[in-house]
1. Looking at this structure, is L332 modelled with pLDDT of 95 or more, away from ligand 2 (no atom under 16 Å from the Cβ) and assigned to a helix (DSSP H, G or I)?
2. Under 9 Å by Cβ, and 6 or more places apart or on different chains, what pairs join a residue from the stretch 230-245 that is loosely packed, with under 15 Cβ neighbours inside 10 Å with one that is assigned to a loop (DSSP other than H, G, I, E, B) and polar (S, T, N, Q)?
3. Among the candidates V84, V45, which residue alone is among the β-branched types (V, I, T) and closer than 30 Å to C147 by Cβ?
4. Within the stretch 200-221, how many residues are surrounded by fewer than 16 Cβ atoms within 10 Å (Cβ to Cβ) and either under 25 Å from the mean Cα position of the chain (by Cα) or farther than 24 Å from E289 by Cα (or both)?
5. Could you tell me which of the residues V45, V35, V84 is part of a strand (DSSP E or B), touching an Asp or Glu at 6+ places or on another chain (Cβ under 7 Å) and more than 16 Å from ligand 1 (Cβ to nearest atom)?
6. Against the definition (closer than 27 Å to V145 by Cα and touching a helix residue (DSSP H, G or I) at 6+ places or on another chain (Cβ under 6 Å)), how does F203 come out, yes or no?
7. Kindly establish whether G71 is surrounded by fewer than 19 Cβ atoms within 10 Å (Cβ to Cβ), modelled with pLDDT of 95 or more and either in a helix (DSSP H, G or I) or away from ligand 2 (no atom under 16 Å from the Cβ) (or both).
8. Among the residues of the stretch 233-273, which ones are closer than 15 Å to W128 by Cβ and over 17 Å from the mean Cα position of the chain (by Cα)?
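The values are calculated or read from the model by the stated rules, or taken from the named source; none is laboratory data. Bear in mind that the values here come from a model prediction, so they are computed numbers and not experimental data. Cβ atoms come from the backbone with ideal geometry, glycine included; neighbour counts cover every protein chain shown.
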Amino acid sequence: MDHPSFPLNAWYAAAYDVEIGRTLLSRMICGKKIVLYIKQDNTPVALADACWHRLLPLSLGRLEGDNVICGYHGLEFDDTGRCVYMPSQHTINPSACVKSYPAVEKHRLIWIWPGDPALADPAEVPDWHWNQDPDWAADGKLIEVKCDYRLVIDNLMDLTHETFVHSTSIGNRAVAETPFETTHTDKFAIVTRWMHDIEPPPFWRKQYGRPGNVDRWQIIRFEAPCTITIDVGVAAAGTGAPQGDRSQGVNGFVLNTITPSTENTCLYFWSMARNFDLNNQSRTHQLREGVSGVFREDEIILEAQQKAIEANPDHQFYNLNIDAGSMWARKLIDKMIARETAMPVAAE
Ligand code: FES
Ligand SMILES: [Fe+2]
C-alpha cells in the first residue's frame with residue numbers, strides 16, 4: 001500500500017485543552033481512530049479507539065479512575081492500554097491490549113505521536129508558546145476542514161490570496177503587489193513580505209488605532225510537517241520596523257497547526273496572539289471571532305478546491321512565483337515521508 005500523504009513520526013495536535021477532560025473524546029488522527037482523556041493527575045492519554053474484544057469504540061464506554069471500561073462487555077483497560085479486567089474469568093489474556101500513543105499537553109493543545117513511540121521526543125513539539133505566554137493575549141479555535149491538509153498549508157504559505165479572498169478585512173492590493181523572499185532549512189521554510197508605506201487594510205487600521213500610512217509585515221514560518229506561525233503587524237511608516245524597531249506598531253502571531261485526519265479531511269487548529277492591550281478580554285474575544293470569520297472564507301475556498309481536485313484527478317498543476325513557499329513546505333513534508341519509508345516500521 002502507498003504510504004499516506006503525511007509522515008507518522010511527528011507530533012500532531014489532537015485537541016484544544018478545553019475540549020478534553022474526564023470524559024472520552026474520539027478523534028481521527030492520521031487515519032487512526034483515537035480516544036483521548038485526561039487522567040486524575042491532569043496528564044493526557046491517547047489509546048486506539050477500538051476494544052480488543054469486539055472492536056466497539058472505547059469512546060462509547062466510560063472512565064473509572066484512570067481506566068477505560070468498554071461500553072459493551074466491560075473489559076477494562078489501563079492508561080497504557082493493557083487490559084486489567086475481563087468479566088466472568090480470573091485469568092486475563094496477556095495479549096489483551098489496545099495500542100497507546102505518546103501524548104503531551106503543551107501550549108494549550110494536546111499533541112500525539114502516531115508513529116514509532118520510541119522516536120517521540122516531547123522537546124520536539126512545535127513551538128506555540130505565544131498561545132500561553134504572559135506577554136501575549138491569545139485564543140483560537142479548531143476548524144474541521146474537508147480537504148487534504150496540504151491545501152491548508154498551501155493557503156497559509158501564500159498570503160497573496162488575502163487580496164482576493166479577504167478583501168474586506170486583511171487584504172488589499174499592496175499584499176498582491178509586493179514581492180517576498182523565501183528561505184528554507186531542513187525543517188523550516190520561511191516567506192517574508194514587507195509592505196512599505198502603505199494604507200493599512202481595515203483589520204489593521206482598527207488594531208493599530210492611528211491614522212497614517214504603515215509599514216506592514218508578514219513573516220510566515222513553516223515547520224515540517226504541518227505547523228505554520230505567522231508573525232504579522234503594522235508600524236508607523238518609516239519608524240524602523242523593517243530594521244527591527246517595532247515600538248511604533250502592533251504585533252500579532254497567527255498560530256496554525258493542521259493535523260491530517262484522513263487523506264481528504266483535516267483538523268485545523270489556530271490561534272491569534274497579540275502583544276498589545278493585553279488585559280482587554282473583550283478584544284481577545286472580538287479578535288478570535290474576527291479571525292474566525294476570515295478563516296471561514298478560506299474554508300469555503302479549500303473545500304471547493306478539494307472537490308474540484310477529486311473531480312479532475314489527472315489535472316496537472318503549474319506553479320507560479322507565489323507558490324514558492326508552499327512548494328518548499330511540500331518538499332520538506334515529502335522528505336520526512338521518504339525518510340520514514342526507508343526505515344523499518346515498528347510493529348502495530
Ligand atoms: S467489545 Fe469491548 S468488551 Fe466486548
Ligand atoms: Fe486566508
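1. yes
2. G238/N213; G240/S247; G240/Q248; D245/T239
3. On the way: V84 fails: closer than 30 Å to C147 by Cβ.
The unique qualifying residue is V45.
4. The first filter runs over the stretch 200-221 and keeps only residues surrounded by fewer than 16 Cβ atoms within 10 Å (Cβ to Cβ), leaving 202, 205-206, 209-213.
Add one more test, that the residue is either under 25 Å from the mean Cα position of the chain (by Cα) or farther than 24 Å from E289 by Cα (or both), and what stays is 211-213.
Residues in the stretch 200-221 being surrounded by fewer than 16 Cβ atoms within 10 Å (Cβ to Cβ) and either under 25 Å from the mean Cα position of the chain (by Cα) or farther than 24 Å from E289 by Cα (or both): 3 in total.
5. V45
6. On the way: closer than 27 Å to V145 by Cα: yes; touching a helix residue (DSSP H, G or I) at 6+ places or on another chain (Cβ under 6 Å): no.
Against the criterion (closer than 27 Å to V145 by Cα and touching a helix residue (DSSP H, G or I) at 6+ places or on another chain (Cβ under 6 Å)), F203 does not qualify.
7. yes
8. The one that is closer than 15 Å to W128 by Cβ and over 17 Å from the mean Cα position of the chain (by Cα): G252.
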